[in-house]
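To keep things clear, I will list the structure first and then write my remarks on it.
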Amino acid sequence: MSAFEYYAKKSITEDNVNRKRKNKKKFKKTPAKIAKTENGDENPKKTRIHVLNNIYNFNLKDSSKTGQKLLEWLIHPKSINDFMRDHWEKTILHVPRNSSNYFSQLFSLTELDTILRENNLQYGTNVDITSYTDNVRETHNPVGRAHPHVVWDYYNNGCSVRLLNPQLFAPEIYKFMANLQEYFGSLVGCNVYLTPPFSQGFAPHYDDIEAFVVQVDGEKHWRVYKPRSEFETLPRTSSRNFHQDEIGEPILDVILRPGDFLYMPRGYIHQADTLFTETHSLHLTFSSYQQNSMYDFLQVVVNNSLNNAVKNDISYRSGLPVGYQHFGGLCELEKSPPRTVQRQQFENQINQLIRNLKNHLDLDHAIDKFSLKNYYTNSLPPSICDVEMLRTVANGAKMLPDGKTTGEEVNLEIAEVKLIRRNCFRLVEESMLDEETDRMTNELRLYYNLDNSKQLHGNDCQFVVIPDEMGLFVKKLFNMYPSFIKVSDLCDDNEQVMQLVNDLWERGLLITSKNITTLSN
């Protein structure tokens, strides 16, 4: 009994097992050849195009511009202006390319095999094994570590392999995601999909993200369908699995080949297979704008306005009218007449309170709160290149073989500095309870994502408390970006500001214009 049969028997019914064994005959038994590229080169990196490396050099200037360049590279030859006007959140974009190595720097079959062999990947957490046959979508995840031998046995028996969080194991994918999120100001995710020949891994469905599909290796047949209704346009949650008779005719029916690109807005139903391509498929799906809609933002805006209103306007603290339960409701609608004088007065009062909320709107604070919750707390840490490392605290004192450390000290007073990234920080004014006085006080906090993990979501965003009198200087650092500023110009012989600069630099938040080993006395 193969590993595929053994584990499938544990997770599904005997009938499904028998059906699965029967269906295996439909698939061509193709060994998982993952060691070589199409041209037989055992080291795919030799054939990769290093265009991305030139783009990443923009980190030395303005990180958001680097993210913009990455998006331009994805959608080339379409311009960003045209893409945002004609396609973003509106309709699909398919870019065929006669350039098989276009995305080869991002990932490869060999790298996927190496990741499985060198890391303790867990089924369900890092790897999914899936199939879609006879209109039935199934997940065949065993318990425990995803050993490559077992994974490839599933693959050879017609199952797709999904790597759920490749940024934890694939440096180029992490670097790409970390830089692209600088442009969007929204989380960027990624899944890797490996599909064997003559198979399909997933049922037709739509997602709650903007999807950027890059075909890395092999070929895949894609069918894309318009949202079924206005209700399912730009949805906030992903759909269930659909049957073929529920989705109509595709608006795009195409085979993606290496180097090809496909963009799909939220709500566009899609399915992909290798049933007719007679080859495997390796593609990446990058994602963004999950729960990053006006609705999500307005939840924070309205809640923030209500909090302000209840503090400053007594009408929001007044009690509900006695007997308000009988002013309306499902049963009250059946009475004649359905609207009483008290009901009309209550409705007028509520409408007035809602109209007055705009007087308590603090849009700046709402932007701070929303971006802190939806982006900074959950985003990837920035990808810092080797050249940048030489100009940060990471290039500070080192331990020598004789037990001593390098003696040179960094003299920041003669340095030029800037924040290490545009979108890694958020200066927020928080209301805190002073336990000594039992009163609310305001506290300036500089939140940053440099210490976040590469696991999206669930990070505990770090922060530095900024004294009120130092807030002006932090704002100046923000507003000067991407330009460097001389520390002497920023400090003007102010010891407190110099201490602030040292604190920020020691946390890795600042980068100098030169190698820091040259900044010694």
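The values are calculated or read from the model by the stated rules, or taken from the named source; none is laboratory data. Remember, it's a predicted structure, so these values are computed and weren't measured experimentally. Glycine gets a Cβ as well: all are built from the backbone with ideal geometry, and neighbour counts include every protein chain shown. Only protein heavy atoms, including side chains, enter the accessible area calculation; ligands, DNA and RNA are left aside. Shrake-Rupley method; radii C 1.70, N 1.55, O 1.52, S 1.80 Å.
Set side by side, the residues L433, L456, L450 differ, and just one is of a type in the set (A, V, I, L, M) and at pLDDT 85 or above, which is L450.
Scanning the range 330-368 for residues that are among the acidic types (D, E) and more than 15 Å from Q299 (Cα to Cα) gives E332, E334, E347. If the condition is being under 19 Å from S288 (Cβ atoms) and open to solvent by 10 Å² or more (accessible area, probe 1.4 Å), then the range 200-215 contributes H205, Y206, D207, D208, I209. Could you please find all residues in the range 230-247 being open to solvent by 50 Å² or more (accessible area, probe 1.4 Å) and either part of a loop (DSSP other than H, G, I, E, B) or under 25 Å from L194 (Cβ atoms) (or both)? Within the range 230-247, T233, L234, R236, T237, S238, R240, N241, H243, Q244 meet the criteria. Quick one: how many residues across the range 491-507 are open to solvent by 60 Å² or more (accessible area, probe 1.4 Å) and in contact with a helix residue (DSSP H, G or I) (Cβ under 7 Å, 6 or more places away or on another chain)? Final tally of qualifying residues: 2.
Restricted to the range 258-294, and to residues there that are open to solvent by 10 Å² or more (accessible area, probe 1.4 Å) and hydrophobic (A, V, I, L, M, F, W, C), the residue that is farthest from P196 (Cα to Cα) is M294.
Close Cβ contacts (under 7 Å, 6 or more residues apart or on different chains) running from residues in the range 97-113 that are in contact (Cβ under 8 Å) with a residue 12 or more places away in the chain and among the charged types (D, E, K, R) to residues that are in a helix (DSSP H, G or I) and open to solvent by 10 Å² or more (accessible area, probe 1.4 Å) comprise D113/P148.
Condition check for F327 on (1) surrounded by 13 or more Cβ atoms within 10 Å (Cβ to Cβ); (2) under 30 Å from D245 (Cα atoms): one failure, at (2).
Restricting the range 91-111 to residues that are among the β-branched types (V, I, T) and open to solvent by 30 Å² or more (accessible area, probe 1.4 Å), the residue that is farthest from G267 (Cα to Cα) is T110. Pairs meeting the criteria (first residue in the range 373-385 and under 14 Å from Q291 (Cβ atoms) and acidic (D, E), second residue open to solvent by less than 20 Å² (accessible area, probe 1.4 Å) and modelled with pLDDT of 90 or more, beta carbons under 9 Å, at least 6 apart or on different chains) are lacking. Remark: R355 falls outside the filter, which requires a residue to be part of a helix (DSSP H, G or I) and touching a residue at least 12 places away in the same chain (Cβ under 8 Å).
Selection within the range 491-514: residues that are outside any loop (DSSP other than H, G, I, E, B) and among the aliphatic types (A, V, I, L, M). The member of this set that is nearest to L60 (Cα to Cα) is I511. Applying the selection to the range 481-490, what residues are open to solvent by less than 70 Å² (accessible area, probe 1.4 Å) and either closer than 21 Å to S63 by Cα or of a type in the set (G, A, S) (or both)? Hits for the range 481-490 are Y481, P482, S483, F484, I485, S488. Could you say whether any residue in the range 155-163 is surrounded by fewer than 20 Cβ atoms within 10 Å (Cβ to Cβ), closer than 26 Å to N101 by Cα, touching a residue at least 40 places away in the same chain (Cβ under 8 Å) and among the hydrophobic types (A, V, I, L, M, F, W, C)? No: zero hits. Candidates Y193, Y183: the one that is assigned to a strand (DSSP E or B) and either closer than 24 Å to S64 by Cβ or open to solvent by 30 Å² or more (accessible area, probe 1.4 Å) (or both) is Y193. All conditions in (1) surrounded by 14 or more Cβ atoms within 10 Å (Cβ to Cβ); (2) in a helix (DSSP H, G or I); (3) among the polar types (S, T, N, Q) hold for Q345, with the sole exception of (1). Scanning the range 451-477 for residues that are open to solvent by less than 60 Å² (accessible area, probe 1.4 Å) and of a type in the set (V, I, T), which turns out farthest from A178 (Cα to Cα)? Ranking the qualifying residues of the range 451-477, first place goes to I466. If you check F198, F169 for being within 26 Å of I75 (Cα to Cα) and among the hydrophobic types (A, V, I, L, M, F, W, C), only one passes: F169.
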